[in-house]
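Read the structure below first, then the notes.
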């Protein structure tokens, strides 16, 4: 059963993408589903010694994307630097904007309709890959806070799903050896995808919280996932659970 309409629709949009040209239309559809201004996936490091760097899929205006690339804004963009120091989603309001160059960069981004507020989710793959999944909004801070609070969990799952789809489609090293999940492992992953915390999952399934964490840990190991959200994304990608 589908446990989250927006998330399930978004994963269904990404699942059939078979060529790199399909990611930007998919991101546009996902942004529309969540009422976002833009969505972007940037592979900042690829595993397997590939020279395909950087990989950049975005709904940003083409003019801004061209400026960003031609001026090598990767080198000063504090969003890109998130991959170095963060493991969890980062709201853009936390980013340091102290140097004149960065202040000018953000002002130029604003002028090109990138969005007032945003969030970036860093993803660390099992083979040394690193990517960033970013979403932005034209809404003021209070409304953006509501959006990020309501859908932040979805964005984490989407970030991992997008990461694995990109790795697979562009033929960058991605192991796909997956062991069968137990019924409890599937239940725990589906409940996590619906937004429940381990304590709530335990109450729903009438098992201990420690058992829930054990099942999630086992699922991560079987799926070759680095986090529980990554496990949800991979289980959905391999059609082992319904999201």
**Asked** Out of all the residues in the range 3-26, is one or more at pLDDT 90 or above, assigned to a loop (DSSP other than H, G, I, E, B) and out of contact with any helix residue (DSSP H, G or I) (no Cβ under 9 Å at 6 or more places or on another chain)?
**Response** no
**Request:** Considering only the range 27-49, state which residues are at pLDDT 95 or above, farther than 16 Å from residue 150 by Cα and crowded, with 21+ Cβ neighbours inside 10 Å.
**Result:** 27, 38, 39, 40, 41
**Item:** Residue tally, condition under 19 Å from residue 161 (Cβ atoms) and not in a helix (DSSP H, G or I), over the range 175-225
**Value:** 10
**Prompt:** When only residues in the range 226-243 that are assigned to a loop (DSSP other than H, G, I, E, B) and in contact with a helix residue (DSSP H, G or I) (Cβ under 6 Å, 6 or more places away or on another chain) count, which is nearest to residue 162 (Cα to Cα)?
**Reply:** 243
**Request:** Might you let me know whether the range 212-230 holds any residue that is over 19 Å from the mean Cα position of the chain (by Cα), in contact (Cβ under 8 Å) with a residue 40 or more places away in the chain and not assigned by TED's automatic domain parsing to the domain that holds residue 18?
**Result:** yes
**Asked** Does residue 166 meet the test of being touching a helix residue (DSSP H, G or I) at 6+ places or on another chain (Cβ under 6 Å) and either part of a strand (DSSP E or B) or buried (at least 22 other Cβ atoms within 10 Å of the Cβ) (or both)?
**Response** no
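Listed here are the residues, each with its yes/no results for (1) at pLDDT 95 or above; (2) over 21 Å from the mean Cα position of the chain (by Cα); (3) within 14 Å of residue 232 (Cα to Cα).
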| residue | (1), (2), (3) |
| --- | --- |
| 174 | no, no, no |
| 177 | no, yes, no |
| 189 | yes, no, yes |
| 193 | no, no, yes |
| 199 | yes, yes, no |
**Complete:** In the range 94-131, anything at pLDDT 90 or above, under 22 Å from residue 146 (Cα atoms) and either in contact with a strand residue (DSSP E or B) (Cβ under 7 Å, 6 or more places away or on another chain) or in a loop (DSSP other than H, G, I, E, B) (or both) is listed as 95, 113, 114, 115, 117, 118, 119, 120, 121, 122
**Request:** Would you tally the residues in the range 75-109 being closer than 16 Å to residue 137 by Cβ and in contact (Cβ under 8 Å) with a residue 24 or more places away in the chain?
**Result:** 7
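The values are calculated or read from the model by the stated rules, or taken from the named source; none is laboratory data. The structure displayed is predicted, hence computed values, not measured ones. Cβ sites come from the backbone with ideal geometry, for glycine too, and all protein chains shown count toward neighbours.
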